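Each value in this text was obtained by applying a stated rule to the coordinates, not by laboratory testing. Here the structure is a predicted model, which is why all the values come from computation and not from measurement. Quick reminder, even Gly has a Cβ in these numbers, built from the backbone with ideal geometry, and neighbours come from all protein chains shown.
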């Protein structure tokens, strides 16, 4: 059964097994809808009971058939992962009577002179210098000074 999440609009499907589980739950608890959880956002989308029954009209017969298949071909459970041993546990279990020699430490880098280690101050120019202002004024066409945008002078 194809479903679209009502929150994130992600399309997803309910498998045959999920449909049988949903129909069993709706029937046993006498519910009006089933909450299908979106695989992306994990929010529940309500699916009406009628829609579930329309998608699988003979679900009781299919449930019996599915149970018979499972009895014929039982599935093995996945084995539990073996617990990993941690280095701390191994170190604690090791005998402490054996002397452990430490490797010589690495030589320290040479100290940097004080002049080079200080960060340089940022020299950001916020206002154009007077030389730049003069060059802007002289580079305008016909020797006219350009006025800045938005300013006007009233004539007397």
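Quick notes
- Simple spin-label estimate for residue 65 and residue 2 in nanometres, 7 Å along Cα-Cβ: 2.3 nm
- Volume per residue of the C-alpha convex hull in segment 2-72, rounded to whole Å³: 91 Å³
- Segment residue 54-residue 29, length gained on full extension (0.36 nm per residue, minus Cα span): 7.1 nm
- A simple spin-label model places pseudo-atoms 7 Å from Cα toward Cβ; at residue 16 and residue 44 they are separated by 2.8 nm.
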